[in-house]
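In what follows, a single structure is set out as structure tokens and then discussed.
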């Protein structure tokens, strides 16, 4: 898990997050996911979010779309009116999986749009990465405001170099026995750096570099050689397109260079420490394509521990096909853009199964033209964590006995269906099912047989549905069936609903084999239509279907009843 960043305040402060959602389970999930590293405040409405932000500035907002009173779009508009909101990043977490909603969110300035049900750890990583970008952006703004840089100008026709130290490193000339010749780079440079300047100019002129960018050693005012970065671009070209004059900035990078040297010296010690922690370490020679790694790397993937060198193409072939594009995209950004490589993906174990791994890395050596030469990184097994995430999601949104969606997930899908009906001018049907004489079966044959009956009912209901429909278990022997994408003509929709309802009656009237016993149980079914009326609550629709189900019970069970 990525380390939390300090965005505001003193070094001991933790970033603060405002989570806005009217679903308690989602707020609870976000609290569990984020509370270790972030200060998280939860509210259940858009109005409460605006009030909370007016009292306290947060570093990030997690915002639901479908909420009572005001929705997520209106909430964001009101937040933007607050003087302390400024450029606070916003992530939408919503069940609205449609292009129009996502586009509207992004047009309003949202940074991310994540559809429920989501993968908790992926949301966590997106939050970490977004706060990382915010942190770096703020650092960059501070650096630009107080940058310790000097200016230079280079006339390529005469070779003359003019340097204005401003607030940058004061430089001195190397003593040469020249008379009135113009001052050139070699008058400032260490002899080993002169060729680096010529190579950088040639690469920039040929288009191999986007700018003149080179690290060289120059003589400072204390007669010491210090590492300086020269960066600039052409400000004048000839009629033939050749560069005539370059202008840019320079800055002292002595600390960075010393850190690179220290890093190289500490690599072997780092390998030893990582070996004792069980984390896999790899060292990739990009040009040759060779990857050298430690024994822990081999153990994670079940490879022979004495074979510590493989081709990069072989390591790549172990990545699960479904994860390959994402992992390679992250690696390309690392190689081409200088970003850290961070990826969670599956890799094939020698035994044939796949292992979830978290992999990190970065380029530690580049050539004169900026091409990657060497990258190092780590790999660790996160299979256990991934299994826990999957189990937590299952417990939060799915019934543990039947594996069907539970009430929370049903409510989210029903809200989404109402919006879809309004947009597409369609109709939906909600069926409330209660199994007749279930208590008698449970008391006679035991709870195990009762559970077997409920599992079989769930399977039979699912077999009658399309992929766009939903079968959910509310609890006990109560089930919900939601049909979507029906015609807006209510008589036609009712006919389709009754046809499906009669099919369910036929399927659930078949005998049930419960261990050694054969039992019969029939359903009482209440049906109701729902459209795109945003003023009608989800609970009202469920209650209407529930009432129709009780009418079916009173009429003698094992039948359908319809409520308008």
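Those helices (runs of 4 or more DSSP H) of segment 289-342 in which at least 2 residues are within 30 Å of residue 210 (Cα to Cα), considering only elements entirely within it, cover 312-317, 321-337. Checking every residue in segment 327-335 against the condition of being free of Cβ contacts under 8 Å to residues at least 24 places away in the same chain, under 19 Å from the mean Cα position of the chain (by Cα) and either over 30 Å from residue 126 (Cβ atoms) or loosely packed, with under 13 Cβ neighbours inside 10 Å (or both) gives at least one match. Would it be correct to say that residue 368 is under 30 Å from residue 338 (Cα atoms), part of a loop (DSSP other than H, G, I, E, B) and touching a residue at least 60 places away in the same chain (Cβ under 8 Å)? For residue 368, the condition - under 30 Å from residue 338 (Cα atoms), part of a loop (DSSP other than H, G, I, E, B) and touching a residue at least 60 places away in the same chain (Cβ under 8 Å) - is met.
Residues that are under 13 Å from residue 350 (Cβ atoms) and at pLDDT 85 or above within segment 293-306 comprise 297, 298, 299, 300, 301, 302, 303, 304, listed in sequence order. The set of residues in segment 375-410 that are in contact with a helix residue (DSSP H, G or I) (Cβ under 7 Å, 6 or more places away or on another chain), buried (at least 19 other Cβ atoms within 10 Å of the Cβ) and over 30 Å from residue 333 (Cβ atoms) comprises 397, 402, 404, 405, 406, 409. For segment 194-228, what are the residues that are surrounded by fewer than 19 Cβ atoms within 10 Å (Cβ to Cβ), in contact with a helix residue (DSSP H, G or I) (Cβ under 7 Å, 6 or more places away or on another chain) and assigned to a helix (DSSP H, G or I)? Correct list: 194 only. The conditions of being buried (at least 18 other Cβ atoms within 10 Å of the Cβ), closer than 25 Å to residue 95 by Cβ and touching a strand residue (DSSP E or B) at 6+ places or on another chain (Cβ under 6 Å) are met by residue 417. With respect to being in contact with a helix residue (DSSP H, G or I) (Cβ under 6 Å, 6 or more places away or on another chain), at pLDDT 90 or above and surrounded by 16 or more Cβ atoms within 10 Å (Cβ to Cβ), residue 20 fits the description. Among the residues of segment 450-459, the one identified as within 13 Å of residue 504 (Cα to Cα) and surrounded by fewer than 15 Cβ atoms within 10 Å (Cβ to Cβ) is 459. Once segment 552-564 is narrowed to residues that are in a loop (DSSP other than H, G, I, E, B) and in contact (Cβ under 8 Å) with a residue 12 or more places away in the chain, the residue that is nearest to the chain's Cα centre (by Cα) is 564. Of everything in segment 65-83, what is within 16 Å of residue 48 (Cα to Cα) and assigned to a loop (DSSP other than H, G, I, E, B)? Give them in sequence order. Result: 65, 66, 67, 68, 69, 70, 71, 81, 82.
Within segment 91-101, the only residue that satisfies the criterion of being surrounded by fewer than 19 Cβ atoms within 10 Å (Cβ to Cβ) and free of Cβ contacts under 8 Å to residues at least 60 places away in the same chain is 99.
Among the residues making up segment 35-48, a single one is surrounded by 15 or more Cβ atoms within 10 Å (Cβ to Cβ) and modelled with pLDDT under 90: 37.
The values are calculated or read from the model by the stated rules, or taken from the named source; none is laboratory data. No experiment lies behind these values; they were computed from the predicted model shown. In this analysis, Cβ positions are derived from the backbone assuming ideal geometry, glycine residues included, and neighbour counts consider all displayed protein chains.
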